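Below are the structure tokens for one structure; questions will follow.
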Amino acid sequence: MNRKDLFGSPPEWASKAIVYQIFPDRFRRSGLVEQQNQLSLKPWGSDPAHQGFQGGDLYGVIEALDHLQDLGINCIYLTPIFSSAANHRYHTYDYLNVDPILGGNSALEALIDEIHRRKMKIILDGVFNHCSRGFWAFHHLLENGKNSPYREWFHVNKWPLKPYNRGKDCGYRCWWDNPALPKFNHSHQPVRDYLIKVASYWLEFGIDGWRLDVPDEVPLDFWTHFRRSVKEISLNTWIIGEIWGDARTWLDGAHFDGVMNYRMGWSSLCWVAGDKLRKNYNNPDYPLEKINADQYINLLETTLGWYRPEFNCSQLNLLDSHDVPRSLHTLKGDMLALKLALFLLFIQPGAPCIYYGTEAGLSGGIEPKCREAFPWNETWPEDLRSFIRSLSSLRKKLSNYFERGLCWEPLGADALSGVGNLNIKKSSKLRKVIKVFVNRSRSSWLSIDDALPEETFLIGSLEKNGRGLSPQSAVVFLAS
């Protein structure tokens, strides 16, 4: 295997992935995890607070695979599953064991086997910037102080360490000054070796990729070493970094295959929402401000222009996640606006990612409210299963043609049109033209060309010889 193979294009399967993100503790409780029987779990559907476990587990994910495949999902992304004292499990204390509350390693093995039997993929969340204060090497420091043989694993400023000194000097570097999350010393070779060992272990266990937490806070050369190591195990490993903005530094062929493309998500929500955008979320990397069609087009084209086509096709495109308010909350419950945003998500280059519970109309707000339990045994606020299924079908119909993004043009203050030539791979003779019209207006119809062929996909109403496209609607035409 040569250097070009390792530092080259992303895996081809990533461009055809339709991803579903799962927050395991709140997704589905199977009742099959014996370790849970004597635990004081919170009732399912309790307030989604930072503390407390509701008992979702990996066997529950297995039980839900029929549901996910029915939506068109072919890849799942799990937020952290390794042993942790936090329900979100970003506070890892044992990287080589799945949390027993989730069912342990045997549950992950069963999940991977069933995932692959169904020709699906699975991505795990790698938290390699920091660990928890319960991590074995850091615990060694707490017990032995400066005499610990693991003192070089972390950035110690002074002794003694004060691991519960929140908001004050705790004596060591930690993530965002949170003493619960001591930061690894990545310049120390044993730390690098350990983290690569972890990444390699789970790839050999059977996973298909890694989503990497806060990778911009880790030295860049570590990720070069990381890519080389995991790609030597499998060139088909999908490496996704949690970079919220400009990721050109990491998408150069030597680091990641794609990033969490939040720019595509928040810009789509901001455009489809119009005047009904909820703006109470303060995050410069996920700015919620009304934008017009010209601004939206500029954001899309700028982002696509940053990267080579193969990396655009390997992005993880998402509207929301466990870290930001749910889309329906941001859109103030406007279901038609959400449908338009989901539609835009599915027709862009890159893999669309659905956050769990979107199909059930969940609308949790600022984290941790966006981490609510899936209401399996209750009446759903909304049922978007049929709609998401139709988007997946459209996506698969168009996926063979994607080589670059649509060329968008504004059609006035409230509407967009996208027209692009999509070349069929391995054929220079056959060409298809895709035409997309999106009308975000809540009151006005959009006049479009009445000579277009039969639509391939439609949200809302289309009157070809009359007013055109109804308010808050979209249509796709695909023709030779």
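The values are calculated or read from the model by the stated rules, or taken from the named source; none is laboratory data. On a predicted model such as this, the values are computed, not experimentally measured, just so you know. Heads up, the Cβs are rebuilt from the backbone with ideal geometry, glycines too, and the neighbour counts pull from every protein chain shown.
Does the range 219-251 hold any residues that are out of contact with any helix residue (DSSP H, G or I) (no Cβ under 9 Å at 6 or more places or on another chain) and either assigned to a loop (DSSP other than H, G, I, E, B) or modelled with pLDDT under 95 (or both), and which are they? Working first, answer last.
Quick first cut of the range 219-251, residues out of contact with any helix residue (DSSP H, G or I) (no Cβ under 9 Å at 6 or more places or on another chain) only: 219-221, 224.
Pro219, the sole residue that qualifies.
Look through the range 164-180, keep the residues that are among the aromatic types (Phe, Trp, Tyr) and either surrounded by 19 or more Cβ atoms within 10 Å (Cβ to Cβ) or in the same structural domain as Val214 (by TED's automatic domain parsing) (or both), and return whichever of them is nearest to the chain's Cα centre (by Cα).
So in the range 164-180, the residues among the aromatic types (Phe, Trp, Tyr) come out as 164, 172, 175-176.
This time we only want the ones that are either surrounded by 19 or more Cβ atoms within 10 Å (Cβ to Cβ) or in the same structural domain as Val214 (by TED's automatic domain parsing) (or both), so: 172, 175.
On the way: Tyr172: 31, Trp175: 21 Å.
Ranking the candidates gives Trp175 first.
Looking only at the range 139-160, how many residues end up being in contact with a Phe, Trp or Tyr (Cβ under 7 Å, 6 or more places away or on another chain) and closer than 12 Å to Arg173 by Cα? Break it down stepwise before answering.
Our first condition is that a residue be in contact with a Phe, Trp or Tyr (Cβ under 7 Å, 6 or more places away or on another chain); within the range 139-160, this holds for 140-141, 145-146, 153-157.
Keeping just the survivors that are closer than 12 Å to Arg173 by Cα gives 153-157.
The number of residues fulfilling the criteria is 5.
Can you confirm whether the range 372-388 contains a residue that is in contact with a strand residue (DSSP E or B) (Cβ under 6 Å, 6 or more places away or on another chain) and within 28 Å of Tyr281 (Cα to Cα)? Let's see the steps before the verdict.
Start the filter on the range 372-388 by keeping residues that are in contact with a strand residue (DSSP E or B) (Cβ under 6 Å, 6 or more places away or on another chain), which leaves none.
Taking every residue of the range 372-388 in turn, none turns out to be in contact with a strand residue (DSSP E or B) (Cβ under 6 Å, 6 or more places away or on another chain) and within 28 Å of Tyr281 (Cα to Cα).
Checking the structure you have, find out if any residue of the range 100-117 is among the β-branched types (Val, Ile, Thr), out of contact with any Asp or Glu (no Cβ under 8 Å at 6 or more places or on another chain) and assigned by TED's automatic domain parsing to the domain that holds Gly209. First the steps, then the outcome.
Narrowing the range 100-117 to residues among the β-branched types (Val, Ile, Thr): 101, 112, 115.
Filter once more, keeping what is out of contact with any Asp or Glu (no Cβ under 8 Å at 6 or more places or on another chain): 112, 115.
After this cut, where a residue has to be assigned by TED's automatic domain parsing to the domain that holds Gly209 as well, the list is 112, 115.
Yes - at least one qualifying residue is present in the range 100-117.
Can you find even one residue in the range 294-314 that is assigned to a loop (DSSP other than H, G, I, E, B), surrounded by 21 or more Cβ atoms within 10 Å (Cβ to Cβ) and touching a helix residue (DSSP H, G or I) at 6+ places or on another chain (Cβ under 6 Å)? Write out each step before concluding.
Start the filter on the range 294-314 by keeping residues that are assigned to a loop (DSSP other than H, G, I, E, B), which leaves 307-308, 313-314.
In the following step, the residues that additionally are surrounded by 21 or more Cβ atoms within 10 Å (Cβ to Cβ) were identified as 307, 313-314.
Then drop every residue that is not touching a helix residue (DSSP H, G or I) at 6+ places or on another chain (Cβ under 6 Å), which leaves 313-314.
Checked the range 294-314: at least one residue is assigned to a loop (DSSP other than H, G, I, E, B), surrounded by 21 or more Cβ atoms within 10 Å (Cβ to Cβ) and touching a helix residue (DSSP H, G or I) at 6+ places or on another chain (Cβ under 6 Å).
If Ser187 meets every condition in (1) surrounded by fewer than 15 Cβ atoms within 10 Å (Cβ to Cβ); (2) of a type outside the set (D, E, K, R); (3) modelled with pLDDT of 95 or more; (4) not in a loop (DSSP other than H, G, I, E, B) apart from one, which number is that one?
The failed condition is (4).
Could you look through the range 333-349, keep only residues that are at pLDDT 95 or above and either in a loop (DSSP other than H, G, I, E, B) or not assigned by TED's automatic domain parsing to the domain that holds Asp275 (or both), and pick out the one that is surrounded by the most Cβ atoms within 10 Å (Cβ to Cβ)?
Quick first cut of the range 333-349, residues at pLDDT 95 or above only: 333-346.
Filter again for either in a loop (DSSP other than H, G, I, E, B) or not assigned by TED's automatic domain parsing to the domain that holds Asp275 (or both), leaving 333-334.
Numbers: Gly333: 15, Asp334: 20.
Result: Asp334.
May I ask you to say which residue of Thr330, Thr302, Thr237, Thr249 is free of Cβ contacts under 8 Å to residues at least 12 places away in the same chain and out of contact with any Cys (no Cβ under 7 Å at 6 or more places or on another chain)? It would help to see each step written out before you state the result.
Details: Thr330 fails: free of Cβ contacts under 8 Å to residues at least 12 places away in the same chain; Thr237 fails: free of Cβ contacts under 8 Å to residues at least 12 places away in the same chain; Thr249 fails: free of Cβ contacts under 8 Å to residues at least 12 places away in the same chain.
None of the others qualify; the one that does is Thr302.
Of the residues in the range 448-478, how many are part of a loop (DSSP other than H, G, I, E, B) and either at pLDDT below 90 or assigned by TED's automatic domain parsing to the domain that holds Val272 (or both)?
Pass one, the range 448-478, residues part of a loop (DSSP other than H, G, I, E, B): 448-456, 460-461, 464-467, 470-472.
Narrowing further to those that are either at pLDDT below 90 or assigned by TED's automatic domain parsing to the domain that holds Val272 (or both): 448-456, 464-467.
Adding up the residues that qualify gives 13.
Moving on to the next point. How many residues does the range 85-129 contain that are of a type outside the set (A, V, I, L, M), without any contact (Cβ under 8 Å) to a residue 60 or more places away in the chain and buried (at least 23 other Cβ atoms within 10 Å of the Cβ)?
Summing the residues that are of a type outside the set (A, V, I, L, M), without any contact (Cβ under 8 Å) to a residue 60 or more places away in the chain and buried (at least 23 other Cβ atoms within 10 Å of the Cβ) in the range 85-129 gives 2.
Check whether at least one residue in the range 181-201 is more than 22 Å from Pro80 (Cβ to Cβ), of a type in the set (Val, Ile, Thr) and either more than 22 Å from the chain's Cα centre (by Cα) or outside the structural domain of Asp257 (by TED's automatic domain parsing) (or both), and report yes or no.
In the first step, residues of the range 181-201 are kept if they are more than 22 Å from Pro80 (Cβ to Cβ); the result is 187-190.
Keeping just the survivors that are of a type in the set (Val, Ile, Thr) gives none.
Scanning the range 181-201 turns up no residue that is more than 22 Å from Pro80 (Cβ to Cβ), of a type in the set (Val, Ile, Thr) and either more than 22 Å from the chain's Cα centre (by Cα) or outside the structural domain of Asp257 (by TED's automatic domain parsing) (or both).
Return the residue satisfying two criteria in turn: it lies in the range 32-66 and is part of a helix (DSSP H, G or I) and without any contact (Cβ under 8 Å) to a residue 12 or more places away in the chain, and of such residues it is nearest to Gly206 (Cα to Cα).
Taking the range 32-66 first, the residues part of a helix (DSSP H, G or I) are 34-36, 58-63, 65-66.
From the residues that got through so far, the ones that are without any contact (Cβ under 8 Å) to a residue 12 or more places away in the chain too are 34, 66.
Numbers: Glu34: 24, Asp66: 21 Å.
Across the range 32-66, the extreme among qualifying residues is Asp66.
For the range 196-216, which residues satisfy the criterion of being loosely packed, with under 14 Cβ neighbours inside 10 Å and either touching an Asp or Glu at 6+ places or on another chain (Cβ under 9 Å) or among the acidic types (Asp, Glu) (or both)?
Glu204
Restricting attention to the range 377-429, report how many residues are at pLDDT below 80 and either hydroxyl-bearing (Ser, Thr, Tyr) or part of a helix (DSSP H, G or I) (or both).
4
Take the conditions part of a helix (DSSP H, G or I) and touching a residue at least 40 places away in the same chain (Cβ under 8 Å) and apply them to Met264. Does it pass?
Details: part of a helix (DSSP H, G or I): yes; touching a residue at least 40 places away in the same chain (Cβ under 8 Å): yes.
Spelling it out, Met264 is indeed part of a helix (DSSP H, G or I) and touching a residue at least 40 places away in the same chain (Cβ under 8 Å).
Still on this structure, I have one more. Is it the case, given these coordinates, that Val272 is in contact with a Leu (Cβ under 9 Å, 6 or more places away or on another chain), more than 30 Å from Ala337 (Cβ to Cβ) and either assigned by TED's automatic domain parsing to the domain that holds Gly418 or of a type in the set (Val, Ile, Thr) (or both)?
Numbers: in contact with a Leu (Cβ under 9 Å, 6 or more places away or on another chain): yes; more than 30 Å from Ala337 (Cβ to Cβ): no; either assigned by TED's automatic domain parsing to the domain that holds Gly418 or of a type in the set (Val, Ile, Thr) (or both): yes.
So Val272 does not fit the description; no.
Okay, moving on. Go through the range 4-31 residue by residue and tally those that are assigned to a loop (DSSP other than H, G, I, E, B) and either under 13 Å from the mean Cα position of the chain (by Cα) or within 25 Å of Trp223 (Cα to Cα) (or both).
To start, the set of residues in the range 4-31 that are assigned to a loop (DSSP other than H, G, I, E, B) comprises 7-11, 17-18, 23, 27-31.
In the following step, the residues that additionally are either under 13 Å from the mean Cα position of the chain (by Cα) or within 25 Å of Trp223 (Cα to Cα) (or both) were identified as 7-11, 17-18, 23.
The number of residues fulfilling the criteria is 8.
Condition first: out of contact with any Pro (no Cβ under 6 Å at 6 or more places or on another chain), closer than 30 Å to Ser314 by Cβ, assigned by TED's automatic domain parsing to the domain that holds Ser314 and surrounded by fewer than 18 Cβ atoms within 10 Å (Cβ to Cβ). Can you find one or more residues in the range 47-58 that meet it?
Scanning the range 47-58 turns up no residue that is out of contact with any Pro (no Cβ under 6 Å at 6 or more places or on another chain), closer than 30 Å to Ser314 by Cβ, assigned by TED's automatic domain parsing to the domain that holds Ser314 and surrounded by fewer than 18 Cβ atoms within 10 Å (Cβ to Cβ).
Anything in the range 130-163 that is assigned to a strand (DSSP E or B) and either in contact (Cβ under 8 Å) with a residue 24 or more places away in the chain or of a type in the set (Lys, Arg) (or both)? List them, or say none. Walk me through how you get there before you give the answer.
Our first condition is that a residue be assigned to a strand (DSSP E or B); within the range 130-163, this holds for 130, 154, 156.
Passing the criteria: His130, Phe154.
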